[in-house]
Amino acid sequence: MKVAITSTGSSLDDQVDPRFGRCAYFTIVETETMDVEPIENPNVALGGGAGIQSAQLMAEREVKAVLTGNCGPNAFQTLSAAGIEVIIGVSGTVRNVVEGFRSGSLSSTQAPNVASHFGMGSGTAPTSLEGTQFPEQQIGLRRGIGGGRGIGRGMGRGMGRGMGRGMGLGQDIYQADSQLRQDSVGQEGQAGGIMPAQELEALKAHAQAMKQQLQDINERIAQIESDSLSHRLIAAVNKKNCTACGLCEGVCPVAAIKIDTVAIIDRAKCTGCGKCVAECPQGAVIIRKA
């Protein structure tokens, strides 16, 4: 099981960073093998939406649980929408936190424990959020995307994570063509080179192999695209809370929001960046599964 611990450094012996969205590192640990994958947080300097972007990053990494000191409402809601368990209030070294998780001594959190923008500057966590209103949590499930092994030599050196089943098309054709040429040279002077009928049969066989491999590639592409769409996180508007103030429209980097009587979000354009969520004064915009 993959878990992510917010940390001050990249090793198991570094301390837990009490911030989620603006932690220095996310240390991803496979709890069964204790394999470690440290990720330097690219969202530390964001002016707004750091929690949402960090939550999106955790979803992309197929993390099943996040362990941290503090978690704000926007990040908590986004993690919940991605089906990621949240455990807050942890401290000490990453190693000790992971051991605590493995032993079952740490329990899930049902609500955020700090207000929005915690971690910017020298802010400290409030002792209570009693009376604070947060958007309704929308809990989702996520199935991992990827696990591919690349698309073999002769057709590029891989297409990123999850792209394939190692077709090796170019190398197969190269080797077959080289063998065909060697056979031709070997027979020269004896039978005037390779016979046209033999060459024709060899080319037909290569064409059939290419056709099958192309079909396999297209099927894999369709599968990845389908998985990506089904697990994509985007913004959504709670119409009861929306006042059509237009602030969300102004900060959207892809022009996915228009204002009518309420804000309307173009699902096809939305990237789930979370800037509108961070900007909305009414808490009317949330992140949910597409």
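Computed from the coordinates by the stated procedures, all read-outs in this text should not be read as laboratory data. Just so it is clear, the structure is predicted and the values come from calculations on it, not from any experiment. Positions of Cβ are generated from backbone atoms using ideal geometry, with glycine treated the same way; all protein chains shown enter the neighbour counts.
Express the relative contact order of the stretch 59-104 as a whole percentage, based on alpha carbon pairs under 8 Å and six or more residues apart in sequence. Answer for the stretch 59-104 is 40 percent. The label-point distance for GLN212 and THR243, in a model that sets each label 7 Å from Cα toward Cβ, rounds to 6.6 nm.
Using only alpha-carbon positions, what ratio does the radius of gyration of the stretch 1-126 give when scaled by 2.2 N^0.38 Å?
That works out to 0.92 for the stretch 1-126.
With a simple spin-label model that places each label point 7 Å from the Cα along the Cα-to-Cβ direction, the separation between SER11 and ILE221 comes to 4.6 nm. Averaging the sequence gap over all C-alpha pairs within less than 8 Å and six or more residues apart, then dividing by the number of residues, gives the stretch 240-290 a relative contact order of 37 percent. Potential lengthening of the chain between GLU37 and GLU199 amounts to 53.3 nm, from the contour at 0.36 nm per residue minus the alpha-carbon distance. Exceeding 32 Å between C-alpha atoms, which entries from my cross-link table qualify? They are LYS2/LYS211; LYS2/LYS240; LYS64/LYS211; LYS211/LYS289; LYS2/LYS269; LYS2/LYS258. Violating the 32 Å limit, Cα to Cα: LYS2/LYS211; LYS2/LYS240; LYS64/LYS211; LYS211/LYS289; LYS2/LYS258.
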